[in-house]
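Derivation of every value follows stated rules applied to the coordinates shown; laboratory data play no part. The structure displayed is predicted, hence computed values, not measured ones. Here Cβ is always computed from backbone atoms with ideal geometry, including for glycine, and neighbour counts include all displayed protein chains.
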Amino acid sequence: MNARRSGLGSLSLRNDAAPGADSREEPGFAELEVAADWKTSVEQLLLHRLPERAGQAGAQSFGQPTLEVSTDRGQLQWRATPAAGENLPWQRTYLWPNILLEWRPDGMGVIQVLPATVGRSRWQCFDYGYSSGEEVAQAQALLARRISREALSFDIELASSTQRGLAVPGYSVARQASAPQAVAFFRQLLAASA
C-alpha cells in the first residue's frame, strides 16, 4: 500500500490539529495502491461498511442499521446510530459502480475504488470535516478521525487478504454462496453491465 501525497503518511487523511471556532478544515486526500482487484475491493467495503445486523461497521459498533436499495439509481443507503451513545446517525451511501460516501457528525468521507491492473486497485480517499471551538466537539472530531483511519486500514487489509485467498488473480463469484444484501446488489449490477 502506497500513499501518494507527501506529508500525509500512509493513512493520515487529515491534520490532527484542532481548527479554530466554526472553521472548516482542509480536506484530506490520499491515493492508495491496494493489492486487490477493484471488484473484490468494493465487495469487501460493502461487507465491512454496510453490515445488515447490529455490530461492527468500520471500526465502530452500531445499533440495528437500515438499508435502502435503489436498483434503478444504482444506490444503497445505509443508516445506523453508534452504540457508544451518539444521538446522530452515521449514514453511508454506495453509488454504482465504485463510490462509497460516509456522513458522520464531524464531517464526511469518500472512497472511490479504481481499477489499476489485474489483482490491484487504486483507492482515492477524501475526508472533509468541520469543528466548533468547543472542547467536546474537538474531542469527537479527533475520535472520528482515529476511527476513520482504523476503518480504512482494516478495509485495505480485508480486501488484500481476500484477493490473496482467491485461486487465481482477478475476480470470481461463487454462484451457490449466499451473500449479504449489499453484496448481492453489487453482483446484480455487475452482471447486468456485462
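Tell me the relative contact order for region 23-193 as a rounded percent, counting alpha carbon contacts under 8 Å between residues six or more apart. All intermediate terms of the calculation are to be shown ahead of the outcome.
Details: 314 pairs, mean separation 50.7, N = 171.
Relative contact order here is 30 percent.
Sort the following peptides by mean Cβ neighbour count (other Cβ atoms within 10 Å, averaged over residues), highest first: 155-162, 104-111, 181-188, 136-143.
On the way: 155-162: 19.4, 104-111: 20.9, 181-188: 17.9, 136-143: 15.5.
My ranking of the peptides, most packed first, is 104-111, 155-162, 181-188, 136-143.
Can you order the peptides 44-52, 116-124 by their average number of other Cβ atoms within 10 Å per residue, highest first? List each step's numbers first, then the result.
Values: 44-52: 21.0, 116-124: 17.2.
Packing order, densest peptide first, comes out as 44-52, 116-124.
What does the highest-first list of 30-43, 68-81 look like by mean Cβ count within 10 Å?
30-43, 68-81
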